[in-house]
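Novice: If you scroll down you'll find the structure; I have some questions about it.
Every read-out reported here was derived from the displayed coordinates using simple, explicitly stated rules and does not represent laboratory data. Remember, it's a predicted structure, so these values are computed and weren't measured experimentally. Heads up, the Cβs are rebuilt from the backbone with ideal geometry, glycines too, and the neighbour counts pull from every protein chain shown.
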Amino acid sequence: MITEDKEYIYIQDSEHIWRKVMLSDIYYIETIKSTHYCEIVYKNGVGKIRADITPLQEEFAPYLFRTKASTLVNLDLVQKVDTKNRILYFNDTIYCTYAQRLSPEVKKRLRLYNYRSYRGREDE
């Protein structure tokens with residue numbers, strides 16, 4: 001029996017070659033304005049696919065989180081967070097922003113807590 005594996009996606013690189021990219025290697029996916037394409041930024045480069053962001057979100061929901069109307073992010077690869085300017089950094093040169101209305105959810109998923117007032121555990 002063949003099972004469907006959704007842990008990868010094929011994208012086109014700048015030479016129009018289709019490449020298999022593991023979802024765990026994707027930093028973020030963002031729509032390209034005024035086109036029907038999405039840009040995919042991943043560990044080995046950048047590519048694109050002809051797609052809308054909503055079907056991608058539905059298909060890859062366990063792996064990617066929607067941070068704006070036009071952006072899906074792999075929160076597991078976030079290395080730094082600028083909560084003042086709402087920027088998620090994957091490394092020093094790759095980053096994307098998130099919507100203000102999603103700030104509480106982003107903080108929750110990234111476990112950005114104020115442990116001083118954290119009351120989730122009982123004193124022993």
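Novice: Taking the Cα atoms of the chain alone, what are Rg (to one decimal) and Dmax (as a whole number) in Å?
Specialist: My reading of the Cα-based Rg and Dmax gives 16.5, 61 Å.
Novice: Excluding His36 itself, what net charge comes from residues whose Cβ is under 14 Å from its Cβ, given Lys and Arg +1 and Asp and Glu -1?
Specialist: That works out to 0.
Novice: A further question on this structure: Determine the calculated [θ] at 222 nm for the chain from helices alone, applying -39500 (n - 2.57) to every DSSP H run no shorter than 4 residues and normalising by the residue count; nearest 500 deg cm²/dmol.
Specialist: -3000 deg cm²/dmol
Novice: Limiting things to C-alpha atoms, what are the Rg and the maximum Cα-Cα separation (Dmax) for segment 1-69, in angstroms?
Specialist: Cα radius of gyration and Dmax of segment 1-69 are 12.0, 42 Å respectively.
Novice: Calculate one ³J(HN,Hα) per residue across segment 75-85 by plugging θ = phi - 60° into the Karplus curve 6.51 cos²θ - 1.76 cosθ + 1.60, and present them in order as whole Hz with x for glycine and proline.
Specialist: 5, 5, 9, 5, 9, 9, 9, 9, 6, 5, 9
Novice: Within a Cβ distance under 13 Å of Arg101, other residues only, what is the Lys/Arg minus Asp/Glu net charge?
Specialist: Net of charged neighbours comes to +3.
Novice: Report, by chain and number, residues whose modeled amide H sits under 5 Å from the one on Tyr37, excluding near sequence neighbours (fewer than 5 apart, same chain).
Specialist: Ile32, Ala51
Novice: GluC sites (Glu not before Pro) within segment 7-46: which are DSSP loop residues with at most 15 other Cβ atoms inside 10 Å?
Specialist: Glu7, Glu15
Novice: Shifting gears a bit: Place a point 7 Å from the Cα of Asp13 along the Cα-to-Cβ direction; which residues of segment 30-48 have their backbone N under 12 Å from it?
Specialist: Counting backbone N atoms under 12 Å from the label point, the list is 44-48.
Novice: Next question. For the chain, what's the relative contact order in percent, using C-alpha pairs closer than 8 Å and at least 6 residues apart?
Specialist: Details: 178 pairs, mean separation 19.0, N = 124.
Once normalised by length, the contact order is 15 percent.
Novice: Taking chymotrypsin sites (Phe, Trp or Tyr not before Pro) as candidate sites, keep only those in a DSSP loop with at most 10 other Cβ atoms within 10 Å, then name the longest stretch of the chain containing none of them.
Specialist: 1-114
Novice: Find out how many positive minus negative residues lie around Tyr10, taking Lys and Arg as positive, Asp and Glu as negative, among other residues whose Cβ is under 9 Å from that of Tyr10. Spell out each step's value before the answer.
Specialist: Values: positive: Arg19, Lys20; negative: none.
Here the charged neighbours net out to +2.
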